[in-house]
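Each remark here refers to the structure printed beneath this line.
Every number in this text was worked out from the coordinates using simple rules, so none of it is lab data. None of these values were measured; they are calculated from a predicted model. With ideal geometry, Cβ positions are generated from the backbone for all residues, glycine too; neighbour counts draw on all protein chains shown.
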Amino acid sequence: MSKCLINNNIRTLRFMASEMTQQELADRTGVTRQTMVAIENGKYSPTLELAFRISHVFNKPLNEVFSYQYDEDPILTKKTTPKCK
């Protein structure tokens, strides 16, 4: 089974934004500080909507805040040819 990882630059962006606290970011995105801590530490993946809200706070495109990596799964990477009838 493949392992999905969503990495983020939230900590760096918070400090670049006048050392914004996790609580301030949580308040601006409508989640608890605990949720923001879990996202920032990679323990929880945000919903797509929340990822966009976080990106909006920093005025950055989504791909500058989050990145997606996965371990290769031979079943998913195996090239298959469609069978025609």
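Odds and ends about this structure:
- Those trypsin sites (Lys or Arg not before Pro) in region 30-66 that DSSP places in a loop and that have at most 12 other beta carbons within 10 Å: Lys43
- Model label zone, Ala17; criterion: amide N under 17 Å from point 7 Å along Cα-to-beta-carbon; scope region 34-48: 34-42, 46-48
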